[in-house]
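Written below as structure tokens is the structure these notes are about.
Every number in this text was worked out from the coordinates using simple rules, so none of it is lab data. Here the structure is a predicted model, which is why all the values come from computation and not from measurement. Cβ atoms come from the backbone with ideal geometry, glycine included; neighbour counts cover every protein chain shown.
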Amino acid sequence: MAEPVQNSPPVESLLGSSIAFLKRYPPFDEMDEAALRLLASHLSLAYFPAGAVVLAPQAGVLRQLYIVQRGRVQLQPVAGYHAAGGDVVTLGPGECFSVYALMEKRAVASPYTAAADTFCYLLPGLIFEELLHRSPRFREFSTDYLRSLLRESRRLLQMHGAGAAAEQHAMNRPLADWVKREPVACAVHTPLREALRRMSVARAGSVVVTGEAGQPLGIFTRHDVLDRVTLAGRALTDAIGAVMTPDPACLDAHASAYDAAMLIAARGIRHVPVTDQGRLVGVVTERDLFAAQQVSVRDVNRTIARASDAQGLVQAGRDIHALVRTLFAQGVAAEPLTRLITTLNDALTGQVISLSARQHDLQGIRWCWLAFGSEGRQEQTVSTDQDNGLIFAADAPDETQVKARLLPFAQDVNRLLDRCGFPLCAGEIMAGNPRWCLSEQGWRKQFDHWVRNTDPEALLNSVIFFDFRALAGDAALARELRGFLNGLVKEALNKSPIAL
């Protein structure tokens with residue numbers, strides 16, 4: 001890890017002055033001495049005359065944290081990002097900006113301007129990342145900062161979407177609230193004619209097949225009639241059990257409507273049986289959950305699955321963003337929302353990879369597409385850029401040749417993902433970068449280096465790369481790499497538990 005430089009007496013005096021200043025403001029006033037000294041020893045001071053632009057979107061990816069030391073900095077509202085007529089935000093001594101952009105490695109969305117002659121401390125991004133891990137108080141401060149921005153974003157979305165605001169928190173309600181009528185059910189030996197009659201009388205799209213204790217054993221829907229009854233030449237006297245889908249995906253009555261939405265997205269289904277202590281109490285359908293939505297989860301999933309070209313996938317990316325904005329405005333909690341984004345993004349990425357793979361000669365190559373960072377942790381947001389890589393199997397003499405065949409494919413995937421709404425990674429952590437298209441042995445060398453080194457760059461890389469998972473290709477390659485990494489970490493912990 002980075003260590004403070006050895007300071008001469010005058011420099012030490014300046015360092016003490018910086019620390020004394022920081023201690024007057026949160027979160028620095030509650031940080032431990034070592035973390036505070038690390039922070040102060042890497043600060044530089046910049047001057048901005050009144051009216052000067054301190055930071056603007058045109059500056060590109062943010063690489064340092066700003067702390068106002070003297071003067072005032074104003075955040076200017078931007079149409080489409082802040083509420084119309086929104087107040088100018090003024091930052092004074094001790095206040096930081098822009099934490100969110102720095103953590104997401106992107107440009108700021110709005111300009112910051114000096115409202116008076118202003119001095120700002122500048123903290124390099126690598127030290128900011130290190131402080132997130134060294135100082136619990138600094139990490140808590142940064143997390144709270146993000147939460148406040150999310151709350152503000154939700155408020156603004158609700159202001160701009162009155163229809164969505166009217167349905168606020170609806171998706172967080174338990175499924176029991178969505179069950180409006182008795183479920184259509186029958187026993188496993190019920191003739192098809194009787195099962196279809198019950199569906200017709202109730203005007204229901206499905207019938208749930210239950211056991212003696214009322215537990216769901218299977219489900220049969222209107223969409224099953226053509227393939228499983230008519231075209232299959234089934235007699236209406238046959239038992240429903242012969243044509244039902246066994247072991248249907250069910251949810252408990254206490255689960256949220258959002259859980260049902262995720263299940264619909266992941267499985268591509270339309271009907272979710274709802275149970276209470278294992279007994280069927282109702283059925284919630286996609287139509288129930290998304291009648292008020294312009295774009296449904298299953299519609300997005302269908303668009304992804306049916307996309308046969310790049311334009312179809314680009315449209316699917318737009319649909320994902322439209323759906324997420326609607327759900328976010330309705331008050332859906334951050335955790336389930338990120339899980340749904342990840343579910344849909346995984347499906348979209350898989351199709352992008354599949355489409356691109358068909359356009360390249362990958363015959364005979366064992367490869368696996370890896371997701372890193374927030375994508376690897378299944379914590380994606382709509383603004384997440386790409387963090388991915390490729391692992392492949394190759395003997396040392398063939399490694400260069402195999403890599404040369406894989407790189408054009410990976411670069412095509414990266415470009416198409418960018419068109420679909422996943423921006424290219426500013427740090428170039430992408431499979432199309434030769435640094436992150438590696439053989440099994442190449443990845444093992446990288447992980448071994450990161451585990452055995454504690455400099456800031458290795459620490460930052462461990463945060464990004466250690467959270468990896470397989471998205472497409474031969475998942476066994478990812479599993480073997482995970483086993484190798486786990487072994488490295490255990491070995492390092494046994495040798496030096498304090499250092500880690």
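Shape of segment 405-453 from the C-alpha gyration tensor: oblate (a/c of 1.5 or more and a/b not above b/c, with a ≥ b ≥ c the square roots of its eigenvalues). Note on Val225/Arg181: beta-carbon distance plugged into 1/(1 + (r/R0)^6) with R0 of 25 Å gives a FRET efficiency of 0.70. Note on Ala232 and Phe484: with the Förster distance fixed at 51 Å, the Cβ-Cβ geometry gives a FRET efficiency of about 0.55. As an exercise, identify the trypsin sites (Lys or Arg not before Pro) in segment 200-245 lying in DSSP coil whose Cβ has no more than 15 other Cβ atoms within 10 Å. Passing both the DSSP loop test and the Cβ count: Arg203, Arg234. From least to most packed, judged by other beta carbons within 10 angstrom and beginning with the fewest, Lys403, Lys23, Lys445 follow the order Lys445, Lys23, Lys403. Based on alpha-carbon atoms, the Kirkwood radius and the radius of gyration of segment 172-282 give Rg/Rh equal to 0.97.
Listed by chain and number, the lysines whose C-alpha is less than 26 Å from the C-alpha of Lys403, apart from same-chain residues fewer than 8 away, are Lys445. Taken over segment 39-78, the convex hull of the Cα atoms encloses 97 Å³ per residue. Using label points projected 7 Å from each Cα along Cα→Cβ, tell me how many nm separate Arg287 and Glu491, to one decimal. Calculated label separation equals 6.0 nm. Using the Cβ-Cβ distance between Asp448 and Gln401 with R0 set to 30 Å, the FRET efficiency works out to roughly 0.75.
Working from the Cα coordinates of segment 384-429, the gyration tensor eigenvalues give, after taking √(5λ), semi-axes of 25, 10, 7 Å in decreasing order. Between Ala476 and Gln215, the modelled label-to-label distance comes to 3.5 nm, taking each label 7 Å out from Cα in the direction of the beta carbon.
For the pair Ser44 and Asp29, label points projected 7 Å from Cα toward Cβ lie 3.0 nm apart.
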